[in-house]
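The values are calculated or read from the model by the stated rules, or taken from the named source; none is laboratory data. Not measured: the values here are computed from a predicted model. With ideal geometry, Cβ positions are generated from the backbone for all residues, glycine too; neighbour counts draw on all protein chains shown. In case anyone asks, the SASA skips ligands and DNA or RNA and just uses the protein heavy atoms, side chains included. Shrake-Rupley method; radii C 1.70, N 1.55, O 1.52, S 1.80 Å.
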Amino acid sequence: MSEKTTAISRRRLLQAGAALGGAYLLPGIMNAVWAAGSDGPEQSQVKVGFIPLTDCASVVMASVKGFDKKYGITIVPSKEASWAAVRDKMVSGELDAAHVLYGLVYGLEMGIAGKQQSMANLMTLNNNGQAISLSMDLAKQGVTEASGLKKLIAGKAPGTFTFAHTFPTGTHAMWLYYWLANAGIHPFNDVRTVVVPPPQMVMNMRIGNMVGFCVGEPWNQRAINDGIGYTAATSQSIWPDHPEKILGTRSAWVEQNPNTARALVAAILEASRWIDANDDNRRETASVLAGRAYLNTKADYLTGRMLGQYDNGLGKKWQDEHAMHFFRDGEVTFPWLSDGMWFLTQHRRWGLLDHDPDYLAIARRINRIDVYQQAASAVGNVAVPANHMRSSRLMDGSTWNGSNPAAYAASFAIKR
């Protein structure tokens, strides 16, 4: 199955979205009603946590460009030090919502990423744009791809080599495990894995604490610029157009603040569309994100990969057709049920879940398609698909479309 056949066409998306009603035609009038009447936001300020990564862009730009004011709220971005901190502050209510790992929210719902908490995914913030970096020390030993890594690891005692990801149930752990297993490397039996916050990845590789890591940008590019590591694989080479960060919150917050939740999604939808509109907007976004309040780094570390311009650090350069995207006619931002279910299948695969849950029921509970549809209607011209599942083809040739998730989770030769 080709990638073209698995993607929803622009026309189909727009047709499905238009079927939601006339609110698409009069977004300004609808916004005025919500802002002035009983449907106004319950909160005037919304504190949204983020980790300093390129893919926090739509949260930040919704605030910087004033999209939030259009919907009667003020987004207050809150820079956090680690995903564990984001988790704890979301659960305690110190954060209203957060730019957060897809698998972290699902892990909380299942009680495997901390104390069980009913969670909500309001929208997907981005597709693609993560990577697996290996140390230059490995490159000097002739390891430039996964097959060479397998040979090196096979010749050493189990656990000799350490790899890092950012959170046990998170996206980076799942991309790392999937990539290693695809090469015949068992991520629990053959190597050691540790958790490291994204901003600390390059430093820890520099001092030899690990030989590889999976993280978001700009830290893979930073490893190249510092001469510490190289990009062995992009996350989009594992799963083209995969889901990555989401706008997460507690289910209770949505129930208590339904109008605020709708306004928050609408503002970030506008920002997502603005970023993806053209390369100049992406360059401006990179410049803003590089500032001290956000990533506190050089804009050059962000811009190239935001534009899809890749250099693996070993001389290979390419324009990546599946680089980081934030909108793409609503395909990115829609909270596909099958996306959430996929993370549950991987949690089951790696023994984080000890039984097969009701995959679809959990995804329907967490992914708040109802809130998303209301926000899309407010924004206007945001296509909403009629089918809440999508089909994807991963690097090992397997197809994931949300059907028979228990069989899919059990189908892998390497599992725990």
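The figures follow:
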quantity: Dipole in debye (nearest 20) - the chain, about Cα centre, beta carbon charges: Lys, Arg +1; Asp, Glu -1; calculated: 480
quantity: FRET efficiency, 1/(1 + (r/R0)^6) with R0 56 Å, evaluated for Arg283 and Ala406 via beta carbons; calculated: 0.80
quantity: The range 294-416: relative contact order in percent, alpha carbon pairs under 8 Å with at least 6 residues between; calculated: 26
quantity: Accessible area per residue in Å² at 1.4 Å probe, computed on the range 251-337; calculated: 38
quantity: Overall Cα dimensions of the range 321-416 - principal axes, largest extent first, Å; calculated: 45, 32, 19
quantity: Residue among Ala376, Ser135, Ile224 farthest towards the positive dipole end of the chain, charges placed on Cβ; calculated: Ser135
quantity: Under 9 Å, Cβ to Cβ, from Lys415 - net charge with Lys/Arg +1 and Asp/Glu -1; calculated: +3
quantity: HN-Hα J in Hz across the range 260-268 - Karplus 6.51, -1.76, 1.60, θ = phi - 60°, x for Gly and Pro; calculated: 5, 4, 4, 5, 5, 5, 4, 4, 6
quantity: For the chain, convex hull volume per residue from C-alpha positions, Å³; calculated: 126
quantity: Three-way shape label, the range 168-250, alpha-carbon gyration tensor, a/c 1.5; calculated: rounded
quantity: Set of lysines with alpha-carbon distance to Lys115 below 27 Å, sequence-local pairs under 8 removed; calculated: Lys47, Lys79, Lys89, Lys245, Lys415
quantity: Modelled FRET efficiency - R0 51 Å, Thr160 with Glu321, Cβ distances, 0.05 increments; calculated: 0.90
quantity: Förster-model FRET efficiency, 22 Å R0, Ser147 and Asn189, C-beta, rounded to 0.05; calculated: 0.75
quantity: Debye, to nearest 20: dipole size of the range 355-416, +1 on Lys, Arg Cβ, -1 on Asp, Glu Cβ; calculated: 100
quantity: Most positive-pole-ward Cα, Val211, Pro41, Pro357, against dipole of the chain from beta carbon charges; calculated: Val211
quantity: Over the chain, relative contact order from alpha-carbon pairs under 8 Å, at least 6 apart, %; calculated: 25
quantity: Met203, Met110, reordered so the largest accessible area comes first (probe 1.4 Å); calculated: Met203, Met110
quantity: Å² per residue, accessible surface of the range 36-161 at 1.4 Å; calculated: 35
quantity: Stretchable slack from Gln309 to Ala293, in nm (0.36 nm times residue separation minus alpha-carbon distance); calculated: 3.2 nm
quantity: Whether the range 258-303 is rounded, prolate or oblate, judged on the alpha carbon gyration tensor where a/c under 1.5 counts as rounded; calculated: oblate
quantity: Rounded to the nearest 10 Å², the accessible area of Thr193 at probe 1.4 Å; calculated: 40
quantity: Shape call, the range 57-137: gyration tensor on alpha carbons, a/c limit 1.5; calculated: oblate
quantity: Inter-centroid distance (Cα atoms) of the range 336-382 relative to the range 101-179, Å; calculated: 20
quantity: 10 Å Cβ shell holding at most 16 others, DSSP loop, GluC sites (Glu not before Pro): longest site-free stretch of the chain; calculated: 146-320
quantity: Share of carbon and sulfur in the accessible heavy-atom surface of the range 263-333 [1.4 Å probe, %]; calculated: 42
quantity: Cβ-based net charge around Ala85, under 13 Å, with every Lys or Arg adding one and every Asp or Glu removing one; calculated: 0
quantity: Accessible surface, 1.4 Å probe, highest first, among residues Arg262, Arg273, Arg250; calculated: Arg273, Arg250, Arg262
quantity: Net +/- balance of residues flanking Met203 in space, Cβ distance below 12 Å, scoring K and R +1, D and E -1; calculated: +1
quantity: Cα-only Debye scattering, the range 96-237: base-10 log of I(q)/I(0) at q = 0.14 Å⁻¹; calculated: -0.65
quantity: Within the range 109-238: Cβ-based charge dipole about Cα centre, in debye rounded to nearest 20 (Lys, Arg +1; Asp, Glu -1); calculated: 260
quantity: Over the chain: helical MRE at 222 nm, DSSP H runs n ≥ 4 each giving -39500 (n - 2.57), nearest 500; calculated: -12000 deg cm²/dmol
